[in-house]
Structures are given as C-alpha cells and as structure tokens.
Amino acid sequence: LDTFIAAVYEHAVILPNKTEMPVSKEEALLYMNKNIDVLEKAVKLAARMGAHIIVTPEDGIYGWEFTRETIYPYLEGIPAPEVNWTPCKDPKRFGYTPVQERLSCLAKQNSIYVVANIGDKKACNASDPQCPPDGRYQYNTNVVFDSQGKLVARYHKYNLFEPEIQFNFPEDSKVVTFDTPFGKFGIFTCFDIFSHHPAVVVVEEFQVDSIVFPLAWYNTLPLLSAVPFQSSWARAMRVNLLAANTHNTRMHMTGSGIYAPEAVKVYHYDMETHSGQLMLSELKSRPQSDPAYPTPVDWSAFARGVTPFSSAQSDFPGTIYFDEFTFTELKQNTGNYTVCQKDLCCHLTYQMSEKRADEVYALGAFDGLHTVEGQYYLQICTLLKCHTPDLRTCGEPVGSAFTKFEEFSLSGTFGTRYVFPQILLSGSQLAPERYYEILRDGRLKSRS
Amino acid sequence: GTPLPILVMALYGRVFEKDPPRLGQGPKKLQ
C-alpha cells in the first residue's frame, strides 16, 4: 500500500481505586475490561472508518497508580512474537491471558492492527543475580496484534520514568520493529522518545517508516508539552509518529496526534473535558516518497557564520523545568539579539507588530544536563513570553499572548544534529507549517 | 507573512553523547 489510514485514541483511563493490598485477579480483570470496553468502541469505529492500525495509550488498560505488589494481578505472561501465536484462536496456549485474548480478538474481528500497553511478568530465581526478591520481573509492555489477531510485536519499555516503581528495567534496550503491508514500523513508549536507544536507533539503523507510540505524558509548559515536542520529533527524525496519550486533565495529561515529517496531520489537545478522542489520518507508507519530505538540516550552519549581535543587553538567569537558562529581554519591537551559554550561542532576528507594555519576551539559551525526573543533556535556544512583565517570571508556564511577530529567525551553534524545532501559539495551538519554515542551514524562520 | 501570537519558539537539541547510561530512574534503582 502506498498510503494507509492511521488511528490514534486518546483514552480517559478508568483508574482502579488505589489499594494498599493487591486485588484479586478477577477484580483486576474487571477493571481492565472496563477500559477495554471503551477501547473496543474506538477500535470498531476506527475500523469502520477504514483505519489499518490503531494505537492506544500507555497504561491505558489499568492506569499508573500502583506499587510493585498491587500491579501484579493485572500482569500476564506475554511471549515473544517468535512463538507465532494468535491468542484469539488459541487462548490457553500460554496460560491465563484474558487481556491478550481480548485484544487479539478485537484486532481479528475488526481486521485492524491494534497497539496497546499492558504488563508482562517473567518468573526468575536465585540463579539470576538480578532477580528481584519476589522472584519475578515486571515490564511495562507494548503489544501489537495484526489484522488476523496474531501477536507481531512485544516491546518492554527501556527508559522507565521516575514514578514507575512498579516495573523493572529490561536488562538491555531492545529495538523492536514489525513489518506491515503499509511500511515498516518501530515501537517505543513515552519517555523513550528522549533517548538515543531505542528512539534514534530504530529510525536511523532500522530504517522504519512509522513509529507507534503509546504514552502517558503530562504536559510541562513551555517546552515539554506532548503535541509540540512530539510533532517536532517526527519532523526532525523524518518519520511518521502515531502518538496516543492518556487523558486526565487533573494531571495535565492530554495531547495526542498523528504527525508526518512534512506536516502535523491531526492532533488533539483538550484541557476542558474528561472524554477520550479518536483521530484518524491518511499517511504515506513511505514518508520519503512525499514531495514535501524534509531535507536534512545542518542545525548550526547559519549560526556558525553569524557575528554575535552586540546590542546593549543585560543577560539574566531564568529557570525552565529546573534548568537554569541565560536570558536576555527583547526591549524593542524589532532587533537582533544573541545570547550564549557555554558552547551554545543563540541568534534571533525579529519584528513584532507592536511592542506591548504589558507583555515581555526573552531569548534564552541552555547548554547542560537536565537532572530532574530523568537525566539527559540538552542544548536549547528559545524565544518565549514571560509570565508577567517581571523578568523573574521568564520560563514559567504561559497560556496566552497578544503580541504578534511579523518576522522571526532563530538559530543556534548546536553541537548535535538532533534538534527538534517547535512553535507554540497563544492558546497552546501549534503553528501551522505554512507560517514558518526550517531552512537547511538550521534557521527556524517565518515565511515571508 | 501572517503575524503570529507566539507563546514559545524553540530549537530543542539533544546531545546524546553526553547522556548518562540511563535516562530514567537511574542506576540506583538497579542495585
């Protein structure tokens, strides 16, 4: 197939009551079936609308509020796909696996690939020095059933997030792919997207066309909201990304989408309601075949050639998500600014429609190791609106802006080729691609 | 071009060579 219809479902997970003691297997299955009842409606509707594959969220079947003990009744043994198993046809082959049976039958009876996130348990014993005291490993696991209901992929999340104490790290990171009539797919989960292994490796070494991406992501403005960050990842890595998030406004969890390298096809961001949302879009099975497929970018090419702008400026510190940036204020309605931190220099040229007295903008640079809720090294150039005209609020979450930029050009002397460009407009809306472009020399620039 | 009400614009770079072995909970959980 040259194209396929992708579906993503943002699911408002029905969370089990938090308990001190594990519930019975029967009670656990009761809860999981409540969630699968909702997912089933989405699968049926997506299939009726012609979708070839549907992705559902991480923790979508039982939620995330568990200890190691209380999640145990929700787990099943999940074999490796090499066993050539269709749970819907042969439900007892690997013991008690009602969830895998039901997901497999959903895929089979609706002739659609189903991607879901469940829990895998693997017994171990003292002969394994890493074996946990309770004699088992527990893994956060993505499973994929093809349109015949056959288990074709199993992925154990490698980069667990800090609160995920109910799971174990896999011993090493496995790159998991699966082939379909509509291209080669990779698969990983939520926090993995920050990683080189498996996220970059599955794209660059395994040459996948699309990624299925279950997540349970809570948004952190201004730079780590699901939709802007993940769509920018698809743009920079030049693959399709099918991102299905959980929906929980109390925890700021929302933001799913179907992102192609050349454009955001559809996305959903909803902090108002408590309901799930199904999205569909057509995608190229091989994104490279699209005429608008992005060309590679040398992110520092332009910036390396710029003589730092030397306008009279006074830099000041500001924090974004616990990282200390170096900021400089945009004092006029137009101008050129450079701000540097360590090896990174960020250059901005801009033109505002008007400079408002009640809104302040700053250009910021960060070059360092992020160390909260994970450890990863960042180099960031950012233009942002400060929460109030008080410069001490630069970096705090902001939801709306009235200042309009007629022109802009942002670039940086990056020491990496992995740079993710994002523009978020007032009301947390993504800037449509027709309003900006990413030049081969690394400039994020307004379209004239 | 169309004037845009920008909240935030970013070039978000990841320098993988400078990452620790694990991004998540970190080695202390493994021990």
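The rows are residues; the columns are (1) over 24 Å from the mean Cα position of the chain (by Cα); (2) closer than 30 Å to A:ILE165 by Cα; (3) at the interface with chain B (Cβ under 8 Å from one of its Cβ atoms).
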| site | (1), (2), (3) |
| --- | --- |
| A:LEU348 | yes, no, no |
| A:GLU354 | yes, no, no |
| A:GLY364 | no, no, no |
| A:GLY368 | no, yes, no |
| A:VAL372 | no, yes, no |
| A:HIS387 | yes, no, no |
| A:CYS394 | yes, no, no |
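Within region A:329-371, how many residues turn out to be out of contact with any helix residue (DSSP H, G or I) (no Cβ under 9 Å at 6 or more places or on another chain), of a type in the set (A, V, I, L, M, F, W, C), surrounded by 15 or more Cβ atoms within 10 Å (Cβ to Cβ) and within 23 Å of A:SER426 (Cα to Cα)?
Count: 5.
Tell me, yes or no, whether region A:193-201 has at least one residue that is crowded, with 20+ Cβ neighbours inside 10 Å, under 26 Å from A:THR382 (Cα atoms), within 11 Å of chain B (Cβ to nearest Cβ) and among the small types (Gly, Ala, Ser).
yes
Output the number of the condition that A:GLN379 fails; it satisfies all remaining conditions of (1) at pLDDT 95 or above; (2) under 25 Å from A:LYS355 (Cβ atoms); (3) surrounded by 21 or more Cβ atoms within 10 Å (Cβ to Cβ); (4) facing chain B (nearest Cβ under 7 Å).
(2)
Looking only at region A:101-156, count how many residues are of a type outside the set (Lys, Arg) and in a helix (DSSP H, G or I).
Keep residues of region A:101-156 that are of a type outside the set (Lys, Arg), which gives A:101, A:103-107, A:109-120, A:123-135, A:137-149, A:151-153, A:155-156.
Of the ones still in play, those that are also in a helix (DSSP H, G or I) are A:101, A:103-107, A:109-110.
Number of matching residues: 8.
Kindly provide the set of residues from region A:404-430 that are at the interface with chain B (Cβ under 7 Å from one of its Cβ atoms) and within 19 Å of A:THR326 (Cβ to Cβ), ordered by number.
Residues satisfying the conditions are A:LEU410, A:GLY412, A:PHE414, A:GLY415, A:THR416, A:VAL419.
Identify all residues within region A:217-238 that are of a type in the set (A, V, I, L, M) and either at pLDDT 95 or above or in a loop (DSSP other than H, G, I, E, B) (or both); write none if there are none. First the steps, then the outcome.
To start, the set of residues in region A:217-238 that are of a type in the set (A, V, I, L, M) comprises A:221, A:223-224, A:226-227, A:234, A:236-237.
Result: A:LEU221, A:LEU223, A:ALA226, A:VAL227, A:ALA234, A:ALA236, A:MET237.
The rows are residues; the columns are (1) surrounded by fewer than 17 Cβ atoms within 10 Å (Cβ to Cβ); (2) closer than 15 Å to B:ALA10 by Cα.
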{"site": "A:THR388", "(1), (2)": "yes, no"}
{"site": "A:GLY395", "(1), (2)": "no, yes"}
{"site": "A:ALA401", "(1), (2)": "no, no"}
{"site": "A:PHE408", "(1), (2)": "no, yes"}
{"site": "A:PHE420", "(1), (2)": "no, yes"}
{"site": "A:ILE423", "(1), (2)": "no, yes"}
{"site": "A:LEU430", "(1), (2)": "no, yes"}
{"site": "A:ARG434", "(1), (2)": "yes, no"}
{"site": "A:SER448", "(1), (2)": "yes, no"}
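Test A:SER314 against the criterion of being part of a loop (DSSP other than H, G, I, E, B) and surrounded by fewer than 24 Cβ atoms within 10 Å (Cβ to Cβ), and give yes or no. Show your work before the answer.
Working: part of a loop (DSSP other than H, G, I, E, B): yes; surrounded by fewer than 24 Cβ atoms within 10 Å (Cβ to Cβ): yes.
It is true that A:SER314 is part of a loop (DSSP other than H, G, I, E, B) and surrounded by fewer than 24 Cβ atoms within 10 Å (Cβ to Cβ).
On the basis of being under 24 Å from A:SER448 (Cα atoms), in contact with an Asp or Glu (Cβ under 7 Å, 6 or more places away or on another chain) and more than 10 Å from every other protein chain (Cβ to nearest Cβ), does A:ALA401 make the cut? Let's see the steps before the verdict.
Values: under 24 Å from A:SER448 (Cα atoms): yes; in contact with an Asp or Glu (Cβ under 7 Å, 6 or more places away or on another chain): yes; more than 10 Å from every other protein chain (Cβ to nearest Cβ): no.
No; evaluated as a whole, the condition is false for this residue.
Let me spell it out: the conditions are (1) at pLDDT below 95; (2) out of contact with any Gly (no Cβ under 8 Å at 6 or more places or on another chain), and A:ASN125 meets all of them except one. Which number is the exception?
Going through the list (1) at pLDDT below 95; (2) out of contact with any Gly (no Cβ under 8 Å at 6 or more places or on another chain), A:ASN125 breaks only (2).
The values are calculated or read from the model by the stated rules, or taken from the named source; none is laboratory data. Given the structure is predicted, the values throughout are model-derived calculations rather than measurements. Cβ sites come from the backbone with ideal geometry, for glycine too, and all protein chains shown count toward neighbours.
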